[in-house]
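Peer 1: The structure's right below; bear with me while I get my questions together.
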Amino acid sequence: MSGASPLAPLGGAKRKPMAEINVVPYIDVMLVLLIIFMVTAPMLNQGVDVDLPNVDANPVVVEEDENQLIVSVAASGLYYLERGSDDPKAMALVDIQKYVATLLKSQPKTDVLVRGDENVPYGIVVALMGALQNAGAASVGLITEAPDPQASL
């Protein structure tokens, strides 16, 4: 046997180092992490989804149409259902939840908005929003009024 290493190339030529990186294991790890995040992300969303406006934000123009449902809470704590040009009807919370569930099954693109009096206890509005979410409303908008600029002077 000669003194040459069995792993050395024939003819005494030296082997050049490989300048490539094998990225396949990194891709495998990335795909596993992607699957983990896709499975856990929906579980992180808890509570009632509400888009609250900032005081300094420009008002959003919402056109009245038949794909809009407004639930109002009066200062007395009574719930009123407003749909299109119909007169508001006072209803119990359970009846509102049933109505909204039925409406959203037949017209899923209906916007659900809440108009609450500022003197109503917070718990009454939260109970309404919870009932609307249980009825199938994916998002509930809040109707507010812009602050009076003359009041700060």
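Peer 1: Considering region 86-98 alone, what residues qualify as being outside any strand (DSSP E or B), within 11 Å of residue 71 (Cα to Cα) and more than 22 Å from the chain's Cα centre (by Cα)?
Peer 2: 88, 93, 96
For every residue, the table says whether it meets (1) of a type in the set (Ser, Thr, Tyr); (2) closer than 20 Å to residue 144 by Cβ; (3) at pLDDT 75 or above.
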site: 33; (1), (2), (3): no, no, yes
site: 42; (1), (2), (3): no, no, yes
site: 53; (1), (2), (3): no, yes, no
site: 75; (1), (2), (3): no, yes, yes
site: 82; (1), (2), (3): no, yes, yes
site: 87; (1), (2), (3): no, no, no
site: 90; (1), (2), (3): no, no, yes
site: 93; (1), (2), (3): no, no, yes
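Peer 1: I need a count of the residues in region 105-125 that are surrounded by fewer than 14 Cβ atoms within 10 Å (Cβ to Cβ), in contact (Cβ under 8 Å) with a residue 12 or more places away in the chain and in a helix (DSSP H, G or I).
Peer 2: Total meeting the criteria: 1.
Peer 1: Take the residues in region 126-146 that are touching a residue at least 60 places away in the same chain (Cβ under 8 Å) and over 13 Å from residue 72 (Cα atoms), then tell me which one is surrounded by the most Cβ atoms within 10 Å (Cβ to Cβ).
Peer 2: Selected residue: 133.
Peer 1: Can you name the number of the only condition in (1) crowded, with 16+ Cβ neighbours inside 10 Å; (2) in contact with a Lys or Arg (Cβ under 7 Å, 6 or more places away or on another chain) that residue 68 fails?
Peer 2: Checking residue 68 against (1) crowded, with 16+ Cβ neighbours inside 10 Å; (2) in contact with a Lys or Arg (Cβ under 7 Å, 6 or more places away or on another chain), the one that fails is (2).
Peer 1: Let me ask something additional. Looking only at region 1-31, count how many residues are loosely packed, with under 10 Cβ neighbours inside 10 Å, of a type outside the set (Lys, Arg) and modelled with pLDDT under 80.
Peer 2: Matching residues across region 1-31 total 13.
The values are calculated or read from the model by the stated rules, or taken from the named source; none is laboratory data. Note that the structure is a prediction, hence the values are computed from the model and not measured. Here Cβ is always computed from backbone atoms with ideal geometry, including for glycine, and neighbour counts include all displayed protein chains.
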